[in-house]
1. Of the residues 117, 74, 54, which single one is part of a helix (DSSP H, G or I), among the charged types (D, E, K, R), in the same structural domain as residue 11 (by TED's automatic domain parsing) and over 23 Å from the mean Cα position of the chain (by Cα)?
2. Across region 256-314, what is the number of residues that are out of contact with any strand residue (DSSP E or B) (no Cβ under 9 Å at 6 or more places or on another chain), among the charged types (D, E, K, R) and either modelled with pLDDT of 90 or more or surrounded by 15 or more Cβ atoms within 10 Å (Cβ to Cβ) (or both)?
3. Do we have any residue at all in region 96-106 that's modelled with pLDDT of 95 or more, in a helix (DSSP H, G or I) and either in contact with a strand residue (DSSP E or B) (Cβ under 7 Å, 6 or more places away or on another chain) or among the aromatic types (Phe, Trp, Tyr) (or both)?
4. Would you be able to tell me the number of residues in region 233-261 that are touching a residue at least 40 places away in the same chain (Cβ under 8 Å) and either outside any helix (DSSP H, G or I) or among the hydroxyl-bearing types (Ser, Thr, Tyr) (or both)?
5. For residue 125, work out the one condition from (1) touching a strand residue (DSSP E or B) at 6+ places or on another chain (Cβ under 9 Å); (2) under 30 Å from residue 243 (Cβ atoms); (3) at pLDDT 90 or above it doesn't fulfil.
6. I'd like the full set of residues that are of a type in the set (A, V, I, L, M, F, W, C), surrounded by fewer than 19 Cβ atoms within 10 Å (Cβ to Cβ) and not in a helix (DSSP H, G or I), limited to region 179-203.
7. Report whether or not residue 25 is within 19 Å of residue 73 (Cα to Cα) and not in a loop (DSSP other than H, G, I, E, B).
8. Closer than 21 Å to residue 98 by Cα and surrounded by 15 or more Cβ atoms within 10 Å (Cβ to Cβ), is that true of residue 3?
Amino acid sequence: MKITIRPATEEDYDILNELRRQVNDLHVQGRPDIFRPGFGEELQRHLLNYFHSDANSAIAAEAEGRVVGFALVDFIRRPASPYNLPRDFYHVAEIGVDPAFQRKGVARLLLAYMKRDALERGFDKIELDVWSFNRSALAFYEAAGFRTYRRYMELPLDGKAEKRPADGPAIHLICGRIGSGKSTFARHLARQKNAVILSSDDLTAALPCDHDASYPVVHDFLRKKALEIARRGTDVILDWGFWHRRDREEIAAEITQAGLRPLWYYMDTPEAQNRAFIARRNADPGPGDFYVDPGLAAKCQAQFEPPAAREMDFTVRCLEQGTYQITERKNMP
């Protein structure tokens, strides 16, 4: 798929506003105590400020004959003040990608275009701000090299800021190496949360086709089913390991953009315990289990990308059969 990044024009007004509406909806879902619902005319017409201006610009990403992503940027030149030295920087005011074209490199190409544009305009820095609930955006920006230099903090005194739709049904995602005890913990968590487990191993084992070939189709089906179940008010547990960082970022973005809560659990299983779990599973395989020989175990371990602390909500340790120590990452040293 060819993706073209170009300056946006007024002919793109309607499609850009549709993409902006999607981004606004995400913010309303994340902080309904701050953002105004709907996408009114005033907010739509704000886009006109980004056409034919020397102070800012609109950028469009085009694929398959239509605009699938955008960015709005401001050229900031601040004089010195009693507090600060003069500052010039290229500011990303808004950015978004059509959900149907996410995870296809559109955002990376938009950022590459903005880097070139900023340098050509004489800026040596790009700045942006991102809301803390938007974990997928945080992960993308950090992976792209952005770093935090200032934080805004709040102390709700009446509890209103914490009463959000996001406090409703959650999608629980269990990350861990092969043989780390994910499926056993999933059953434990399901009892605690009265949740539905969706296991990729269970489904692929029931299909009359090659395991590796069916995996992408199975994951796509289970993601959609998880969103459907959670929207109807029931917690869901996704049990398939999430070995790769990019996969974790992508599914977190999909869940968040659906207005739901992703909750991540990392199975922090010591190596000796991991080997014991694999040996026990090989001796008495359950539904969906497959034999894990030393070669397969080594191959799978090599593919696993350990999650950064910021990616996970909880760390899980199996203390003994059926009991767990679950620690919130924010409470860890």
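The values are calculated or read from the model by the stated rules, or taken from the named source; none is laboratory data. Bear in mind that the values here come from a model prediction, so they are computed numbers and not experimental data. Note: ideal-geometry Cβ built from the backbone for every residue, glycine included; neighbour counts use all protein chains shown.
1. The match here is 117.
2. Qualifying residue count, region 256-314: 2.
3. Yes, that holds for at least one residue.
4. Total satisfying the criteria: 16.
5. Checking residue 125 against (1) touching a strand residue (DSSP E or B) at 6+ places or on another chain (Cβ under 9 Å); (2) under 30 Å from residue 243 (Cβ atoms); (3) at pLDDT 90 or above, the one that fails is (2).
6. Selection gives 196, 197.
7. In short, no.
8. It is true that residue 3 is closer than 21 Å to residue 98 by Cα and surrounded by 15 or more Cβ atoms within 10 Å (Cβ to Cβ).
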